[in-house]
1. So for the pair residue 26, residue 7, with labels modelled 7 Å out along Cα→Cβ, what separation do we get in nm?
2. Below 10 angstrom from the Cβ of residue 2, what's the summed charge of the other residues (Lys, Arg +1; Asp, Glu -1)?
3. Could you please report the charge total around residue 37, scoring K, R as +1 and D, E as -1 over all other residues with beta-carbon less than 9 angstrom from its beta-carbon?
4. Which entries in the list 16/60; 60/192; 47/192; 170/192 go over 30 Å, if you measure between the two C-alpha atoms of each?
5. Taking the Cβ-Cβ separation of residue 172 and residue 193 as r and a Förster radius of 35 Å, what is the calculated FRET efficiency to the nearest 0.05?
Amino acid sequence: MISITVAQEILAPANKIAEVLLNHAQLGRFFNAKISLVKSENQGELKGGKGAIRRIRTGKIIFKEQIISASYHHICYQIIGNKPVANHQGDIYLTTSSDTNNSPKTSVNNNYKLNQKKSEQNTRLEHSKVNAGLINIEETNKEGTNPSFTHINYIITFNGLVWLPDFLLKFLVKRDINLAMQRLAKYFRKQKRLSNSSEELYL
């Protein structure tokens, strides 16, 4: 079993990052692949969330991934079937600056899973209120401590391949994920600069 962990700090709130990561048709701007949405999320779930299926094409390799669960703090997905790799699972944990003490750095422990479950329950409640028009998600980000700085912990596990050494497969996958997270961080830095420039025009 191969396990890969990539960490990235991004200057944006967790909910904004999650929304971008669940916009499957636009993920090709970050990952070295052509990605399209073939099935929408289940009813009542976040847009692009649980139940959504996306088609991945990288070179001559084509496969599908399904979103197993999704919230503003955790996205879990799996490859459908056993190709190109078997027993695959990807977990993306998003922890705001106010929750960094609970963020797993290299592994996911039981205490974090309990905290993550509570966070996901709160996210589902918040999401239902947003849909009902009871709260504004932008306003929730302004409450309490500044949550605009998010730590991403991206963990992928899967079985190796018979014809390719594990160390080489791990290197290739980790390199691509690292590059994607760097592009994601650059995207939000650009969005922040554009936002600041717009604000200056009105000063």
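Please treat every number below as a calculation from the coordinates, not as lab data. These numbers were taken from a predicted model, which means no experiment stands behind them. Heads up, the Cβs are rebuilt from the backbone with ideal geometry, glycines too, and the neighbour counts pull from every protein chain shown.
1. Label-label distance for residue 26 and residue 7, simple model: 2.9 nm.
2. On the way: positive: 170, 174; negative: 166.
Net local charge, residue 2 excluded: +1.
3. Details: positive: 39, 54, 55; negative: none.
That works out to +3.
4. Flagged as over cut-off: 16/60; 60/192; 170/192.
5. FRET efficiency, residue 172 to residue 193: 0.60.
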